[in-house]
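Asks: Let me give you the structure first, and then I'll get to my questions.
The values are calculated or read from the model by the stated rules, or taken from the named source; none is laboratory data. What you see is a predicted model, and the numbers here were worked out from it, not measured in a lab. Ideal geometry is used to build each Cβ from the backbone, glycine not excepted, and the neighbour counts take in all protein chains shown.
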Amino acid sequence: MPTTKTYRRLSSAEREEVSRGLAQGESCRALARRLGRAASTVACEVNRNSGSSGYRAYTAGRCARANATARRQGKSRLAGEDRLRAYVIEKLGKRWSPREIVKRMVQEYPRDTHMRLSHEAIYQSSYVLPRGELKKTLVQGLRQERKYRRKKRQRLEQEETRGKIAGMLSIEERPQAVANRTIPGHWEGDLILGKYKRTALGTLVERTTRKTLLVPLTAKDAASVRQAYARELGLLPKQMTKTLTYDQGKEMSQHRQFTIATGIQVYFAHPGSPWERGTNENTNGLIRQYFPKGTDFSKVSVRQIKRVEREPKRSPRKVLDWKKPDEVFNQLVALKV
């Protein structure tokens with residue numbers, strides 16, 4: 001009984017051969033013999049994916065992928081599997097990223113092979129699906145990312161426009177263990193400014209576990225910030241509050257009084273160097289999903305702030321081997337008791 005041969009589209013290498021062969025004047029039939037393909041396969045490939053400048057391998061590959069994507073519309077696993085779709089939509093609603101969702105899914109359903117999906121499949125389903133409620137729900141849940149990566153500004157020769165904070169310790173004097181993240185209890189802090197920069201919200205992130213604290217502020221002067229930060233960090237176990245790395249904002253000008261009250265040494269990053277507090281900067285980006293620019297924090301209740309504070313703690317993190325920040329933080333606290 002004759003065997004039916006499965007049709008395969010041309011690979012990238014085969015498309016390169018076709019492109020070179022055509023440029024040298026070879027026929028589709030001759031190219032097909034050389035590639036071990038049917039002449040109709042090569043002819044269809046050339047006819048379907050040739051542009052105004054002729055057949056080009058790169059352009060043909062893009063056209064083929066676009067056509068394959070179009071054929072898959074409406075055939076997504078998320079569209080067809082209710083349980084899987086419900087899980088993904090629930091986690092997107094909690095502001096989890098697609099990668100966090102799929103990694104956590106493996107931990108929660110280690111033996112259920114039906115609960116498996118790639119993060120790319122979530123993105124593809126979001127943008128490839130035809131218009132409808134599922135597409136709308138998925139797209140609304142995705143995080144907004146920058147279209148390009150901002151270049152880090154060189155701080156050499158950079159002048160500080162604000163006055164220097166008296167008695168500040170530079171990040172260069174910070175213990176090496178802080179930079180290595182080998183010991184928990186070292187925090188990064190900043191303000192998220194509100195409407196017209198008149199109100200603000202304090203953010204504190206622990207470098208090792210990524211535990212996040214949102215600090216309600218009645219004002220953003222140095223005394224108010226010092227007291228609010230001291231109050232929030234004072235609720236934590238002493239062994240988990242060792243240092244704080246901050247930018248050179250005037251709200252931290254009372255750092256000496258803060259250290260006396262809490263025992264937490266403050267170190268200051270270089271001006272215009274947000275990457276030196278990268279954990280805090282990334283977390284602020286997550287918090288902005290809930291409090292976009294223009295938010296008037298004087299109209300946001302403490303209950304609302306604390307509800308948002310819990311959200312990053314519930315998201316699994318790649319850097320934590322897909323565990324949640326609170327899980328890791330509580331585990332370390334238990335080990336030190």
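Asks: For segment 253-276, how many residues meet the condition of being assigned to a helix (DSSP H, G or I), surrounded by 14 or more Cβ atoms within 10 Å (Cβ to Cβ) and out of contact with any helix residue (DSSP H, G or I) (no Cβ under 9 Å at 6 or more places or on another chain)?
Replies: Total meeting the criteria: 2.
Asks: On to the next question. Given (1) in a loop (DSSP other than H, G, I, E, B); (2) modelled with pLDDT of 85 or more; (3) within 17 Å of residue 320 (Cα to Cα); (4) of a type outside the set (A, V, I, L, M), where does residue 96 come up short, assuming only one miss?
Replies: Here residue 96 clears every test but (2).
Asks: While we're looking at this one, here's another question. Tell me which of these residue 332 doesn't satisfy, since it passes every other one: (1) loosely packed, with under 13 Cβ neighbours inside 10 Å; (2) in contact with a Pro (Cβ under 6 Å, 6 or more places away or on another chain); (3) not aromatic (Phe, Trp, Tyr).
Replies: (1)
Asks: Can I ask one more? May I ask you to list the residues in segment 283-293 that are outside any loop (DSSP other than H, G, I, E, B) and buried (at least 16 other Cβ atoms within 10 Å of the Cβ)?
Replies: Selection gives 283, 284, 286, 287.
Asks: Of the numbered conditions (1) modelled with pLDDT of 90 or more; (2) under 20 Å from residue 262 (Cβ atoms), residue 175 fails exactly one; give the number of that condition.
Replies: All conditions are met except number (1).
Asks: Restricting attention to segment 275-322, report how many residues are of a type in the set (Lys, Arg) and in contact with an Asp or Glu (Cβ under 6 Å, 6 or more places away or on another chain).
Replies: Going through segment 275-322 one residue at a time, the tally reaches 2.
Asks: Search segment 294-320 for residues being modelled with pLDDT of 90 or more, loosely packed, with under 12 Cβ neighbours inside 10 Å and charged (D, E, K, R), and hand back the single one that is farthest from the chain's Cα centre (by Cα).
Replies: Looking at the filtered set, the residue picked out is 299.
Asks: Follow-up question, since we're still on this one. Name the single residue, out of those in segment 209-231 being surrounded by fewer than 22 Cβ atoms within 10 Å (Cβ to Cβ) and among the polar types (S, T, N, Q), that is modelled with the lowest pLDDT.
Replies: 218
Asks: Just the residues that are over 24 Å from residue 197 (Cβ atoms) and of a type in the set (A, V, I, L, M), please, taken from segment 228-260.
Replies: Across segment 228-260, the qualifying residues are 233, 235, 236, 240, 260.
Asks: Is one or more of the residues making up segment 204-219 in a loop (DSSP other than H, G, I, E, B), among the polar types (S, T, N, Q) and touching a residue at least 60 places away in the same chain (Cβ under 8 Å)?
Replies: The answer is yes, given that some residue of segment 204-219 is in a loop (DSSP other than H, G, I, E, B), among the polar types (S, T, N, Q) and touching a residue at least 60 places away in the same chain (Cβ under 8 Å).
Asks: When residue 240 is evaluated against the numbered criteria (1) out of contact with any strand residue (DSSP E or B) (no Cβ under 8 Å at 6 or more places or on another chain); (2) modelled with pLDDT under 95, which criterion, by number, is the only one it fails?
Replies: Among (1) out of contact with any strand residue (DSSP E or B) (no Cβ under 8 Å at 6 or more places or on another chain); (2) modelled with pLDDT under 95, the lone unmet condition for residue 240 is (1).
Asks: Moving on. Among the helices (runs of 4 or more DSSP H) lying completely within segment 12-93, list those that include at least 2 residues that are modelled with pLDDT of 85 or more, over 40 Å from the mean Cα position of the chain (by Cα) and farther than 30 Å from residue 107 by Cα.
Replies: Because the criterion is at least 2 residues that are modelled with pLDDT of 85 or more, over 40 Å from the mean Cα position of the chain (by Cα) and farther than 30 Å from residue 107 by Cα, the helices (runs of 4 or more DSSP H) in segment 12-93 that meet it are 12-23, 28-35, 39-49.
Asks: For the structure I just gave you, tell me whether residue 196 is on the phi > 0 side of the Ramachandran plot and part of a helix (DSSP H, G or I).
Replies: Taking the combined requirement at face value, the residue satisfies it.
Asks: Only one of these is farther than 30 Å from residue 323 by Cβ, at pLDDT 60 or above, not in a helix (DSSP H, G or I) and not aliphatic (A, V, I, L, M): 164, 147, 151. Name it.
Replies: Being farther than 30 Å from residue 323 by Cβ, at pLDDT 60 or above, not in a helix (DSSP H, G or I) and not aliphatic (A, V, I, L, M) holds for just one of 164, 147, 151, which is 164.
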